[in-house]
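Notes follow once the structure below has been shown.
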Amino acid sequence: MPHEAAALPQERTQLRLPAAWRAPLAALAAAALALVFANFGAWSAMANQWWNIDTYSHLLLIPLITAWLVALKEEELATLAPQPFLPGLAGVAAGLALWRAGEGLDINLVAQVGAVGALQAAAVTVLGLRASIVLALPIAFAAFLVPFGDEIIPPLQTITAEIAIALTHASGVPARIEGIHIDTPAGLFIVAEACSGVKFLIAMVTLGVLVCATRFNRWRTRAGFMAACVIVPVLANGVRAFATIYVAQYVGAEKATGFDHIVYGWVFFAIVVAVLLGAAWRFVEREPEEYGWPLADIESWGWVRRFETAAFAPGSAALAIIALAAIAALSLLL
(Lines give C-alpha, C1' and ligand atoms only; values in the text may rest on other atoms or scores of the structure.)
Protein backbone atom coordinates (compact mmCIF):
# COMPACT_ATOMS: atom_id res chain seq x y z
CA MET A 1 0.00 0.00 0.00
CA PRO A 2 2.75 2.59 0.74
CA HIS A 3 4.21 1.93 -2.71
CA GLU A 4 0.80 2.39 -4.36
CA ALA A 5 0.15 5.60 -2.44
CA ALA A 6 3.52 6.97 -3.50
CA ALA A 7 2.91 6.06 -7.13
CA LEU A 8 -0.40 7.90 -7.38
CA PRO A 9 0.99 11.46 -7.27
CA GLN A 10 3.67 10.47 -9.78
CA GLU A 11 1.03 9.17 -12.21
CA ARG A 12 -0.95 12.40 -11.88
CA THR A 13 2.17 14.47 -12.49
CA GLN A 14 2.92 12.48 -15.65
CA LEU A 15 -0.66 13.03 -16.83
CA ARG A 16 -0.31 16.76 -16.39
CA LEU A 17 3.04 17.00 -18.16
CA PRO A 18 3.73 13.99 -20.41
CA ALA A 19 7.28 13.52 -21.66
CA ALA A 20 6.26 14.44 -25.21
CA TRP A 21 5.24 17.90 -23.97
CA ARG A 22 8.33 18.83 -21.98
CA ALA A 23 10.55 19.97 -24.83
CA PRO A 24 7.75 21.82 -26.70
CA LEU A 25 6.65 23.67 -23.58
CA ALA A 26 10.23 24.62 -22.72
CA ALA A 27 10.72 25.82 -26.29
CA LEU A 28 7.47 27.80 -26.19
CA ALA A 29 8.48 29.41 -22.88
CA ALA A 30 11.83 30.49 -24.36
CA ALA A 31 10.15 31.87 -27.48
CA ALA A 32 7.52 33.70 -25.41
CA LEU A 33 10.17 35.31 -23.21
CA ALA A 34 12.07 36.47 -26.29
CA LEU A 35 8.92 37.98 -27.79
CA VAL A 36 7.90 39.74 -24.58
CA PHE A 37 11.43 41.10 -24.20
CA ALA A 38 11.47 42.34 -27.79
CA ASN A 39 8.01 43.91 -27.44
CA PHE A 40 8.56 45.01 -23.86
CA GLY A 41 7.25 48.52 -24.44
CA ALA A 42 3.91 47.23 -25.70
CA TRP A 43 3.56 44.66 -22.91
CA SER A 44 4.55 47.24 -20.29
CA ALA A 45 1.90 49.66 -21.60
CA MET A 46 -0.73 46.91 -21.52
CA ALA A 47 0.20 45.88 -17.97
CA ASN A 48 -0.06 49.50 -16.87
CA GLN A 49 -3.58 49.73 -18.31
CA TRP A 50 -4.64 46.43 -16.73
CA TRP A 51 -3.43 47.48 -13.31
CA ASN A 52 -4.12 51.22 -13.17
CA ILE A 53 -7.19 51.84 -15.36
CA ASP A 54 -10.52 50.56 -14.01
CA THR A 55 -11.91 50.07 -17.51
CA TYR A 56 -9.38 47.30 -18.15
CA SER A 57 -8.93 45.80 -14.68
CA HIS A 58 -10.97 42.73 -15.67
CA LEU A 59 -8.23 41.86 -18.19
CA LEU A 60 -6.08 40.70 -15.27
CA LEU A 61 -8.33 37.62 -15.27
CA ILE A 62 -7.58 36.72 -18.90
CA PRO A 63 -4.40 34.69 -18.14
CA LEU A 64 -6.28 32.75 -15.45
CA ILE A 65 -9.23 32.07 -17.76
CA THR A 66 -6.85 31.00 -20.53
CA ALA A 67 -5.09 28.59 -18.16
CA TRP A 68 -8.47 27.18 -17.10
CA LEU A 69 -9.47 26.61 -20.73
CA VAL A 70 -6.20 24.78 -21.35
CA ALA A 71 -6.71 22.65 -18.23
CA LEU A 72 -10.13 21.57 -19.50
CA LYS A 73 -8.37 19.86 -22.43
CA GLU A 74 -5.73 18.17 -20.27
CA GLU A 75 -6.75 14.60 -21.06
CA GLU A 76 -6.92 15.18 -24.82
CA LEU A 77 -3.60 17.01 -24.88
CA ALA A 78 -1.95 14.17 -22.96
CA THR A 79 -2.59 11.86 -25.93
CA LEU A 80 -0.87 14.22 -28.40
CA ALA A 81 2.78 14.59 -29.30
CA PRO A 82 3.24 18.21 -30.44
CA GLN A 83 5.00 18.67 -33.77
CA PRO A 84 5.99 22.19 -34.85
CA PHE A 85 4.12 23.98 -37.61
CA LEU A 86 6.69 25.74 -39.78
CA PRO A 87 4.24 28.05 -41.63
CA GLY A 88 3.32 29.52 -38.26
CA LEU A 89 6.53 31.55 -38.45
CA ALA A 90 4.79 33.72 -41.04
CA GLY A 91 2.23 34.63 -38.37
CA VAL A 92 4.98 35.48 -35.90
CA ALA A 93 6.67 37.68 -38.49
CA ALA A 94 3.36 39.39 -39.33
CA GLY A 95 2.67 40.08 -35.65
CA LEU A 96 6.15 41.54 -35.17
CA ALA A 97 5.75 43.66 -38.31
CA LEU A 98 2.44 45.01 -36.99
CA TRP A 99 4.05 45.75 -33.64
CA ARG A 100 6.92 47.56 -35.38
CA ALA A 101 4.46 49.59 -37.44
CA GLY A 102 2.51 50.56 -34.32
CA GLU A 103 5.69 51.63 -32.56
CA GLY A 104 6.79 53.64 -35.59
CA LEU A 105 3.41 55.36 -35.92
CA ASP A 106 3.10 55.77 -32.13
CA ILE A 107 -0.25 53.93 -32.13
CA ASN A 108 -0.36 51.82 -28.97
CA LEU A 109 -3.36 49.72 -30.01
CA VAL A 110 -1.66 48.59 -33.24
CA ALA A 111 1.60 47.78 -31.43
CA GLN A 112 -0.25 45.84 -28.72
CA VAL A 113 -2.29 43.82 -31.23
CA GLY A 114 0.94 42.90 -32.99
CA ALA A 115 2.68 41.91 -29.76
CA VAL A 116 -0.17 39.64 -28.66
CA GLY A 117 -0.62 38.25 -32.17
CA ALA A 118 3.06 37.31 -32.39
CA LEU A 119 2.74 35.40 -29.10
CA GLN A 120 -0.37 33.58 -30.32
CA ALA A 121 1.37 32.64 -33.58
CA ALA A 122 4.37 31.39 -31.61
CA ALA A 123 2.11 28.97 -29.72
CA VAL A 124 0.75 27.63 -33.01
CA THR A 125 4.26 27.34 -34.47
CA VAL A 126 5.83 25.45 -31.58
CA LEU A 127 2.88 23.26 -30.54
CA GLY A 128 1.72 22.40 -34.07
CA LEU A 129 -1.63 22.26 -35.80
CA ARG A 130 -3.31 19.43 -33.90
CA ALA A 131 -2.54 20.85 -30.45
CA SER A 132 -3.37 24.37 -31.62
CA ILE A 133 -6.75 23.30 -32.98
CA VAL A 134 -7.54 21.60 -29.66
CA LEU A 135 -6.43 24.81 -27.93
CA ALA A 136 -7.96 27.16 -30.50
CA LEU A 137 -10.23 28.81 -27.91
CA PRO A 138 -7.59 29.69 -25.28
CA ILE A 139 -5.15 30.82 -27.98
CA ALA A 140 -7.79 33.05 -29.56
CA PHE A 141 -9.10 34.23 -26.17
CA ALA A 142 -5.66 35.69 -25.44
CA ALA A 143 -6.58 38.45 -27.90
CA PHE A 144 -8.59 40.01 -25.07
CA LEU A 145 -5.27 40.90 -23.41
CA VAL A 146 -5.27 43.91 -25.73
CA PRO A 147 -6.99 46.87 -24.03
CA PHE A 148 -9.56 48.24 -26.44
CA GLY A 149 -12.66 50.39 -26.23
CA ASP A 150 -11.43 53.97 -25.91
CA GLU A 151 -12.59 54.59 -29.47
CA ILE A 152 -16.23 53.92 -28.61
CA ILE A 153 -16.41 56.13 -25.51
CA PRO A 154 -17.77 59.26 -27.30
CA PRO A 155 -20.69 57.45 -28.99
CA LEU A 156 -21.46 55.63 -25.74
CA GLN A 157 -21.59 58.96 -23.92
CA THR A 158 -24.08 60.25 -26.48
CA ILE A 159 -26.26 57.12 -26.33
CA THR A 160 -26.28 57.19 -22.52
CA ALA A 161 -27.28 60.84 -22.51
CA GLU A 162 -30.10 60.23 -25.00
CA ILE A 163 -31.50 57.31 -22.99
CA ALA A 164 -31.24 59.30 -19.76
CA ILE A 165 -33.01 62.38 -21.13
CA ALA A 166 -35.81 60.29 -22.65
CA LEU A 167 -36.45 58.55 -19.32
CA THR A 168 -36.13 61.81 -17.42
CA HIS A 169 -38.82 63.42 -19.59
CA ALA A 170 -40.99 60.31 -19.23
CA SER A 171 -40.71 60.56 -15.43
CA GLY A 172 -42.03 64.11 -15.48
CA VAL A 173 -38.78 65.80 -14.43
CA PRO A 174 -38.16 68.92 -16.55
CA ALA A 175 -34.80 68.76 -18.28
CA ARG A 176 -33.01 69.80 -21.41
CA ILE A 177 -30.03 68.25 -23.14
CA GLU A 178 -27.12 69.72 -25.03
CA GLY A 179 -24.70 67.08 -26.25
CA ILE A 180 -23.75 65.09 -23.16
CA HIS A 181 -24.91 67.82 -20.74
CA ILE A 182 -28.31 67.40 -19.06
CA ASP A 183 -29.68 70.39 -17.19
CA THR A 184 -32.29 69.71 -14.49
CA PRO A 185 -33.71 71.61 -11.50
CA ALA A 186 -31.28 69.70 -9.25
CA GLY A 187 -28.27 70.78 -11.28
CA LEU A 188 -26.27 70.15 -14.43
CA PHE A 189 -25.29 66.55 -15.13
CA ILE A 190 -22.50 65.54 -17.51
CA VAL A 191 -22.16 62.04 -18.95
CA ALA A 192 -18.41 61.85 -18.43
CA GLU A 193 -16.12 59.22 -19.95
CA ALA A 194 -16.24 57.23 -16.71
CA CYS A 195 -20.05 57.20 -16.98
CA SER A 196 -20.15 56.07 -20.61
CA GLY A 197 -20.48 52.41 -19.60
CA VAL A 198 -17.49 51.30 -21.67
CA LYS A 199 -16.06 49.28 -18.78
CA PHE A 200 -19.32 47.38 -18.36
CA LEU A 201 -19.67 46.83 -22.10
CA ILE A 202 -16.13 45.50 -22.62
CA ALA A 203 -16.40 43.17 -19.65
CA MET A 204 -19.74 41.83 -20.86
CA VAL A 205 -18.44 41.22 -24.39
CA THR A 206 -15.47 39.31 -22.96
CA LEU A 207 -17.77 37.24 -20.76
CA GLY A 208 -20.15 36.71 -23.67
CA VAL A 209 -17.43 35.27 -25.90
CA LEU A 210 -16.38 32.89 -23.13
CA VAL A 211 -19.94 31.71 -22.47
CA CYS A 212 -20.77 31.31 -26.15
CA ALA A 213 -17.64 29.27 -26.83
CA THR A 214 -17.96 26.96 -23.84
CA ARG A 215 -21.71 26.56 -23.31
CA PHE A 216 -23.51 26.95 -26.65
CA ASN A 217 -23.39 24.86 -29.84
CA ARG A 218 -25.81 26.63 -32.13
CA TRP A 219 -24.69 29.81 -33.87
CA ARG A 220 -28.16 31.30 -33.52
CA THR A 221 -27.96 30.99 -29.75
CA ARG A 222 -24.47 32.46 -29.75
CA ALA A 223 -25.51 35.40 -31.91
CA GLY A 224 -28.51 36.11 -29.66
CA PHE A 225 -26.45 36.00 -26.47
CA MET A 226 -23.70 38.21 -27.91
CA ALA A 227 -26.32 40.72 -29.04
CA ALA A 228 -27.69 40.75 -25.49
CA CYS A 229 -24.17 41.26 -24.12
CA VAL A 230 -23.91 44.43 -26.22
CA ILE A 231 -27.44 45.82 -25.99
CA VAL A 232 -28.21 45.12 -22.31
CA PRO A 233 -25.14 46.91 -20.86
CA VAL A 234 -25.77 49.97 -23.02
CA LEU A 235 -29.44 50.17 -22.03
CA ALA A 236 -28.64 49.43 -18.39
CA ASN A 237 -26.09 52.22 -18.31
CA GLY A 238 -28.68 54.63 -19.65
CA VAL A 239 -31.11 53.54 -16.95
CA ARG A 240 -28.39 54.02 -14.33
CA ALA A 241 -27.72 57.55 -15.55
CA PHE A 242 -31.45 58.34 -15.44
CA ALA A 243 -31.76 56.90 -11.94
CA THR A 244 -28.95 59.16 -10.76
CA ILE A 245 -30.67 62.22 -12.22
CA TYR A 246 -34.04 61.23 -10.80
CA VAL A 247 -32.75 60.54 -7.29
CA ALA A 248 -30.82 63.80 -7.36
CA GLN A 249 -34.08 65.72 -7.60
CA TYR A 250 -34.84 64.62 -4.02
CA VAL A 251 -31.47 64.14 -2.28
CA GLY A 252 -29.24 66.53 -4.21
CA ALA A 253 -26.77 66.01 -7.05
CA GLU A 254 -23.73 65.41 -4.85
CA LYS A 255 -25.30 62.63 -2.76
CA ALA A 256 -26.88 60.99 -5.81
CA THR A 257 -23.62 60.96 -7.75
CA GLY A 258 -21.64 59.44 -4.88
CA PHE A 259 -24.28 56.77 -4.32
CA ASP A 260 -24.34 56.05 -8.06
CA HIS A 261 -20.65 55.21 -8.22
CA ILE A 262 -20.93 52.74 -5.35
CA VAL A 263 -24.12 51.07 -6.56
CA TYR A 264 -23.06 50.85 -10.21
CA GLY A 265 -19.60 49.58 -9.36
CA TRP A 266 -20.61 46.85 -6.93
CA VAL A 267 -24.31 46.11 -7.12
CA PHE A 268 -25.84 47.18 -10.41
CA PHE A 269 -23.22 45.45 -12.53
CA ALA A 270 -23.57 42.20 -10.57
CA ILE A 271 -27.36 42.26 -10.86
CA VAL A 272 -27.32 42.80 -14.62
CA VAL A 273 -24.75 40.02 -15.11
CA ALA A 274 -26.76 37.64 -12.93
CA VAL A 275 -29.99 38.39 -14.80
CA LEU A 276 -28.32 37.95 -18.19
CA LEU A 277 -26.64 34.67 -17.26
CA GLY A 278 -29.82 33.43 -15.59
CA ALA A 279 -31.83 34.11 -18.72
CA ALA A 280 -29.24 32.27 -20.83
CA TRP A 281 -29.03 29.24 -18.52
CA ARG A 282 -31.99 27.44 -20.09
CA PHE A 283 -30.22 27.55 -23.45
CA VAL A 284 -27.01 25.88 -22.24
CA GLU A 285 -26.17 23.01 -24.57
CA ARG A 286 -22.89 21.52 -23.33
CA GLU A 287 -20.32 21.36 -20.55
CA PRO A 288 -17.29 23.68 -20.70
CA GLU A 289 -14.81 20.86 -21.36
CA GLU A 290 -16.69 19.96 -24.54
CA TYR A 291 -15.74 23.18 -26.31
CA GLY A 292 -13.97 23.04 -29.66
CA TRP A 293 -13.55 20.14 -32.04
CA PRO A 294 -13.30 16.54 -30.79
CA LEU A 295 -9.80 15.14 -31.08
CA ALA A 296 -11.12 12.20 -33.14
CA ASP A 297 -12.38 14.64 -35.77
CA ILE A 298 -9.09 16.51 -35.84
CA GLU A 299 -7.16 13.28 -36.30
CA SER A 300 -9.32 12.44 -39.32
CA TRP A 301 -8.35 15.65 -41.11
CA GLY A 302 -5.55 14.52 -43.42
CA TRP A 303 -4.41 18.06 -44.18
CA VAL A 304 -3.45 18.57 -40.53
CA ARG A 305 -0.77 15.88 -40.62
CA ARG A 306 0.50 17.03 -44.02
CA PHE A 307 1.22 20.50 -42.69
CA GLU A 308 2.92 19.40 -39.49
CA THR A 309 6.69 19.25 -39.83
CA ALA A 310 8.05 16.33 -37.82
CA ALA A 311 11.65 17.09 -38.79
CA PHE A 312 11.32 20.62 -37.41
CA ALA A 313 12.13 20.20 -33.70
CA PRO A 314 10.54 22.41 -31.03
CA GLY A 315 13.95 23.83 -30.18
CA SER A 316 14.54 24.81 -33.78
CA ALA A 317 11.12 26.48 -33.92
CA ALA A 318 11.94 28.43 -30.77
CA LEU A 319 15.30 29.52 -32.19
CA ALA A 320 13.62 30.75 -35.36
CA ILE A 321 11.12 32.77 -33.30
CA ILE A 322 13.90 34.17 -31.12
CA ALA A 323 15.77 35.23 -34.26
CA LEU A 324 12.66 37.00 -35.59
CA ALA A 325 12.17 38.73 -32.23
CA ALA A 326 15.79 39.88 -32.22
CA ILE A 327 15.50 41.28 -35.75
CA ALA A 328 12.29 43.14 -34.80
CA ALA A 329 13.89 44.57 -31.65
CA LEU A 330 17.01 45.68 -33.52
CA SER A 331 14.86 47.39 -36.14
CA LEU A 332 13.89 49.98 -33.52
CA LEU A 333 17.53 51.02 -33.29
CA LEU A 334 17.92 51.58 -37.03
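The values are calculated or read from the model by the stated rules, or taken from the named source; none is laboratory data. Just so it is clear, the structure is predicted and the values come from calculations on it, not from any experiment. Because the Cβ atoms are built from the backbone with ideal geometry, glycine has one as well, and the counts that use them run over all protein chains shown.
With respect to the numbered conditions (1) closer than 17 Å to Trp43 by Cα; (2) touching a residue at least 40 places away in the same chain (Cβ under 8 Å); (3) not hydroxyl-bearing (Ser, Thr, Tyr), which one is the sole condition not fulfilled by Gly95?
If we test Gly95 against (1) closer than 17 Å to Trp43 by Cα; (2) touching a residue at least 40 places away in the same chain (Cβ under 8 Å); (3) not hydroxyl-bearing (Ser, Thr, Tyr), just (2) comes out false.
Specify which of the listed residues (Ala170, Ala136) is farther than 26 Å from Asp54 by Cβ and without any contact (Cβ under 8 Å) to a residue 40 or more places away in the chain.
Checking each option against the conditions leaves just Ala170.
Just to be sure before I move on: is Leu61 surrounded by 19 or more Cβ atoms within 10 Å (Cβ to Cβ) and either closer than 23 Å to Gly292 by Cα or among the hydrophobic types (A, V, I, L, M, F, W, C) (or both) in the structure I sent?
Taking the combined requirement at face value, the residue does not satisfy it.
Look through region 100-115, keep the residues that are touching a residue at least 60 places away in the same chain (Cβ under 8 Å) and touching a Leu at 6+ places or on another chain (Cβ under 9 Å), and return whichever of them is surrounded by the most Cβ atoms within 10 Å (Cβ to Cβ).
Ranking the candidates gives Ala115 first.
What tally of residues in region 64-92 results from selecting those that are surrounded by 17 or more Cβ atoms within 10 Å (Cβ to Cβ), assigned to a helix (DSSP H, G or I) and not hydrophobic (A, V, I, L, M, F, W, C)?
Selection size over region 64-92: 4.
Checking the conditions here, which among Ile180, Ile163 is outside the structural domain of Ala34 (by TED's automatic domain parsing), in contact (Cβ under 8 Å) with a residue 60 or more places away in the chain, buried (at least 17 other Cβ atoms within 10 Å of the Cβ) and touching a helix residue (DSSP H, G or I) at 6+ places or on another chain (Cβ under 8 Å)?
Only one candidate passes the filter, namely Ile163.
One line per residue, one yes/no per condition, for (1) without any contact (Cβ under 8 Å) to a residue 40 or more places away in the chain; (2) assigned by TED's automatic domain parsing to the domain that holds Leu80:
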residue: Ala280; (1), (2): no, no
residue: Phe283; (1), (2): no, no
residue: Leu295; (1), (2): no, no
residue: Ile298; (1), (2): no, no
residue: Trp303; (1), (2): yes, no
residue: Ala313; (1), (2): no, yes
residue: Ala317; (1), (2): no, yes
residue: Ile322; (1), (2): no, yes
residue: Ala325; (1), (2): no, yes
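Can you tell me which residue among Arg222, Arg130, Arg215 is surrounded by 17 or more Cβ atoms within 10 Å (Cβ to Cβ), touching a Lys or Arg at 6+ places or on another chain (Cβ under 7 Å) and charged (D, E, K, R)?
Arg215
If Trp303 passes every condition in (1) closer than 21 Å to Ile139 by Cβ; (2) at pLDDT 90 or above; (3) of a type in the set (Phe, Trp, Tyr) but one, which one does it miss?
Only one criterion is unmet by Trp303, namely (2).
Out of Ala270, Ala248, Ala328, Ala280, report the one residue that is at pLDDT 80 or above and closer than 30 Å to Arg130 by Cβ.
Ala328
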